[in-house]
Amino acid sequence: MSTTPTMRSRLKQNRPSLRKLARPPKQRTALGSAFNAANLPVALALQHCRDCGTVQYPPRELCRQCLGDALVWRSTSGSGRLVSSIELHHSLWEYFKRRLVEKPWPVASVRLDCGVIVFAHLATETFGDPALPAGTAVQVFTHTDCSLNAVMIAVAADIPVDSRSQRHAITASLGLLEPAIKPEGI
C-alpha cells in the first residue's frame, strides 16, 4: 500500500473498511435533517398534523390521513409497547460490522401510544428478562449518535429518561457516542 498522502486520502474515501474510525451513516434527506433539529431540545418530537391531529412517522411532507400540508414538530410521549425485537447479525455499514464482531446488535419495533410504529435501538440491559415478549412496556427517546444524527432508543418503561444526562448515559452504554475503531486503519 502506498504511503503518499494523496493515495491514503483516496483509499479512505473509497474503502470504508480501511478507515481507522467508522461512524454511523450520516446521509439524511431534508425531512431527516428536520427530524434531527426537532429532536435536539426534547426527548422525542414527531410531526403532528394541524388539521386532523394525526401523528406522522416517518416524517412526511403531507399528512397520511387528510393529505394536508400543515405539519408541525411537537414533543411527543415516548411510551409504547414492543411489537417485536430482533438481533442484527450482519450489516453493510462499516460502523455496525465492527460492532457485530463482539455481539449481535438488538433492535426493536415499537408501537407508540400515539399510534405510530418506530424502529429503535434496544437497550436490553435496562430490562430484567433478556427474552422480551411482544407487548412489553417500553419508552422511546431520541439522542444524537457520534455522526450527530438523532437516533431512537427503546428502554424499559420504568427507566427514567426525563433529563438529557440520563438519556446520554443510556446512549453511551450502547456505544453510540464513539466511532468504531480499527487500530490498524488509516
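Would a scan of the range 129-137 turn up a residue that is open to solvent by less than 20 Å² (accessible area, probe 1.4 Å), at negative phi, not aromatic (Phe, Trp, Tyr) and not in a loop (DSSP other than H, G, I, E, B)?
Quick first cut of the range 129-137, residues open to solvent by less than 20 Å² (accessible area, probe 1.4 Å) only: none.
No.
Kindly list the number of the only condition in (1) under 28 Å from ILE181 (Cα atoms); (2) at pLDDT 95 or above that fails for ARG74.
Status for ARG74: all satisfied but (1).
Could we say that LEU92 is among the hydrophobic types (A, V, I, L, M, F, W, C) and modelled with pLDDT of 95 or more here?
no
Which one of the conditions (1) among the charged types (D, E, K, R); (2) surrounded by fewer than 16 Cβ atoms within 10 Å (Cβ to Cβ); (3) touching a Leu at 6+ places or on another chain (Cβ under 9 Å) does ARG111 fail to meet, given that it meets all the rest?
Answer for ARG111: the failing condition is (2).
One line per residue, one yes/no per condition, for (1) aliphatic (A, V, I, L, M); (2) in contact with a Gly (Cβ under 7 Å, 6 or more places away or on another chain):
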{"position": "VAL138", "(1), (2)": "yes, yes"}
{"position": "ALA157", "(1), (2)": "yes, no"}
{"position": "ARG164", "(1), (2)": "no, no"}
{"position": "HIS168", "(1), (2)": "no, no"}
{"position": "SER173", "(1), (2)": "no, no"}
{"position": "GLU178", "(1), (2)": "no, no"}
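Step by step: first the residues of the range 150-170, then only those that are out of contact with any Ser or Thr (no Cβ under 9 Å at 6 or more places or on another chain) and touching a residue at least 40 places away in the same chain (Cβ under 8 Å), then the one that is surrounded by the fewest Cβ atoms within 10 Å (Cβ to Cβ). Which residue is that?
Of everything passing the filter in the range 150-170, ASP162 is surrounded by the fewest Cβ atoms within 10 Å (Cβ to Cβ).
Looking only at the range 4-25, which residues are more than 13 Å from GLY185 (Cβ to Cβ) and at pLDDT 75 or above?
THR4, PRO5, THR6, PRO24, PRO25
Quick test of your reading of the structure: SER147 fulfils all but one of (1) part of a loop (DSSP other than H, G, I, E, B); (2) among the hydroxyl-bearing types (Ser, Thr, Tyr); (3) under 17 Å from LEU44 (Cα atoms). Name the failing condition by number.
It fails just one condition, (3).
Looking for something in a helix (DSSP H, G or I), crowded, with 16+ Cβ neighbours inside 10 Å and within 13 Å of the chain's Cα centre (by Cα) - is there at least one such residue anywhere in the range 171-180? Write out each step before concluding.
So in the range 171-180, the residues in a helix (DSSP H, G or I) come out as 171-174.
From the residues that got through so far, the ones that are crowded, with 16+ Cβ neighbours inside 10 Å too are 171, 174.
Among the residues that remain, those that are also within 13 Å of the chain's Cα centre (by Cα) are: 171, 174.
Within the range 171-180 (the criterion being in a helix (DSSP H, G or I), crowded, with 16+ Cβ neighbours inside 10 Å and within 13 Å of the chain's Cα centre (by Cα)), the answer is yes, since at least one residue qualifies.
In the range 114-125, what residues are β-branched (Val, Ile, Thr) and open to solvent by less than 30 Å² (accessible area, probe 1.4 Å)?
Hits for the range 114-125 are VAL116, VAL118.
Of all the residues that make up the range 161-170, how many are assigned to a loop (DSSP other than H, G, I, E, B) and more than 16 Å from the chain's Cα centre (by Cα)?
Counting residues in the range 161-170 that are assigned to a loop (DSSP other than H, G, I, E, B) and more than 16 Å from the chain's Cα centre (by Cα) gives 2.
The values are calculated or read from the model by the stated rules, or taken from the named source; none is laboratory data. From a predicted model like this one, the values you see are computed outputs, not experimental measurements. Positions of Cβ are generated from backbone atoms using ideal geometry, with glycine treated the same way; all protein chains shown enter the neighbour counts. When the accessible area is computed, the model is the full protein with side chains, heavy atoms only, and any ligands, DNA or RNA have been set aside. Shrake-Rupley method; radii C 1.70, N 1.55, O 1.52, S 1.80 Å.
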